[in-house]
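See structure below.
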Amino acid sequence: MSEVVLASCSDGQGILATDLRTGALVSTFEDDAAQPAAYGQIGEGSSYIYAVQSAKAIWQAWAWGDKKPTYRASLPEKTTAMAFSPEATLCFAGSVAGTIMVWQMGTGCLLRSWPAHFREVTQLLVSSDGSFLVSASADANVHVYNIADIFVHSTPKPFQSWSGHSLPVTALALLPGRGLQQIVASASLDRSLRLWDLGSGQALSTRSLSSPINSIAAGPTGSDILCACKNGELRIVDISACNKESESSLLLGHSGSVLSCAISSDGSQAVSCSEADKVRIWDVRTHQCISQAHTTRNVRINAVQIMRRWVSPQPLPAFKPFQRLLTKPEEVKPVPLGVTGRELALQEALAEETSEASGTAALAEADLGDGENESLQQRLARVEEERARWAKVAADLYGMIVQGGISLPAAKAPATAVEAPAPPSASEKGPNGSAAASSSSSGHRKIEENEGEEESPERKRARPDDATQPSSTPAVAKAKAKAAIAKQKPRGSTPSDAAAAATGAAAVSITTAAAAVASSASAAPAAADSDEEDEDEAEVAPTASSKTQKKSKVDASKKASAKAEKKKGKKKKLTKAEQA
């Protein structure tokens, strides 16, 4: 980007373009005398220059580098001020009679025309975000219009209106800001510089100078305002000291009335002009004049501006002749009306919310609509219900296993057992209905391979006493149930399959335990023949139990005494039976 000084000539020599850094002449745009407040750059970042003739109701435009105008059109009445929207879609013009007109650049349609002031319009400004239009007039009033409201009412009403000046308002400036957070500066021939808050409409401060003010320019920081005065002074006014009596900075060098001034984009240089000594370029920090332009030319400069030239200028819509009659709203072609600036302001306002830190959360909320979020919530609820149901199934299954007498599998290798034979049939029974060999009841007892291992408390409680336990005991049924569970539960089985297998195993264990009880009842008479062997085994069992379970000696002694009492009872019964 480079900056060029545009100097308007009041003697009909057109517009002179000078490089701000070097002071060399860059280009010349030939034309009649231009209005000081109605020339400049079309839009922001374009390569087109416009100017309104001071003696005729004609405006024209040049492409950069062309001496002759590329476009020329007539206006409804003599125009004293002109401005364009930032995207160059709208053109605003103020007339000598105080009328403000709005055209659509792409079609040339006259969209609005209303009497805004009682006297001529001295300056028009459009905010950098394209939201507001500010107008100043010789009737000493300043009006602010919301551009969106201009196209709603046939006679737009100002958003803010200020009448603090007593003489014509000569210049306006907008301090850096966005939306309602902006400050408007106005200067007048009454020697006052006033600051207004755009949002609230209140007067912020007033500063009186020693001479009427012809022009003002605001710095990029918004803290300093450059004032061009009629007595030849060029002052830099500090806004923070507007209500104080301290003197502002003074730039000395002009010999006549300073007509216009401007400040560069970085605030390091300033430009001013007068009829006597043409154009001066100043260093703001040192307050010294570093160069002069057009001193060898016989020209009369009445205004200066600083234009920003971009490497890739934005294209402009096709120029169409400006109409003199209003166009009906239904006949206007659809075009954007001052909304680009608002979109940019909205993006900047949301820049913090769309940073990288919160990019993941923002992406998750943006990609998932309400329907998809609701679907995910329903799926999550179903998963939670399924989880609760399987938890209940597992609890019920554990209860069934405990009730069926099936112990949980130990951490170590399970003990193996020899299967008990089926209950003896009638042909195998003796003449007294007893088993053929009483010693078989003790020969088929459970044989554990890991005799050194300690039995779990569940297995001890589930195992009945040896005195009443026949050869086919529930312990054998437990072993069968475990084997059935292992066979019925293949790899990759579902929780429902495991539940069915466990339930079946519990049923098998209960049936086997019932058969064992029936077998013990039928084999009771035959237990008399092997009483001596039972006594020996009963004596050995407590001993073995006491060895394997050292921590529960008291329980083992109780069991041994209970077994002894039961054996004594059996002996008495057998004795009575023999006597009978």
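Convex hull volume per residue, computed on the Cα atoms of the stretch 2-41, equals 67 Å³. Taking θ as phi - 60° and the Karplus parameters 6.51, -1.76 and 1.60, the scalar couplings of the stretch 230-236 work out to 6, 7, x, 8, 10, 10, 10 Hz in sequence order, x denoting glycine and proline. Above 23 Å, the calculated P(r) of the stretch 12-143 contains 32 percent of its Cα-Cα pairs. Estimated translational diffusion coefficient (Stokes-Einstein, Kirkwood radius over Cα pairs, 10 °C, 1.306 mPa s) of the stretch 54-96: 137 µm² per second. Computed over the Cα atoms of the stretch 248-309, pair by distinct pair, the Kirkwood hydrodynamic radius stands at 12.0 angstrom.
Computed over the alpha-carbon pairs of the stretch 145-186, the distance histogram in 5 Å steps reads 5, 17, 20, 23, 21, 13, 1 percent, short to long. Taking only the Cα atoms of the stretch 84-173, the ratio Rg/Rh comes out at 0.95, with Rh defined as the Kirkwood radius. Using 0.36 nm per residue and subtracting the Cα-Cα separation, the extra length available between residue 153 and residue 375 on full extension is 75.2 nm. Cross-link pairs exceeding 24 Å between alpha carbons, from the set 78/230; 67/278; 56/230: 78/230; 56/230. A Cα-only calculation for the stretch 107-255 places Rg and Dmax at 15.8, 53 Å.
As a ratio to 2.2 N^0.38 Å, the alpha-carbon radius of gyration for the stretch 155-224 is 1.10. If I take R0 = 22 Å and measure r between the Cβ atoms of residue 398 and residue 566 in this structure, what FRET efficiency does the formula 1/(1 + (r/R0)^6) give, to the nearest 0.05? My answer for the efficiency is 0.10.
Read-outs: derived from the displayed coordinates by stated rules, not from any lab. A quick note: this is a predicted structure, and the numbers were derived from the prediction, not measured. We place every Cβ from the backbone using ideal geometry, glycine too, and count neighbours over all the protein chains shown.
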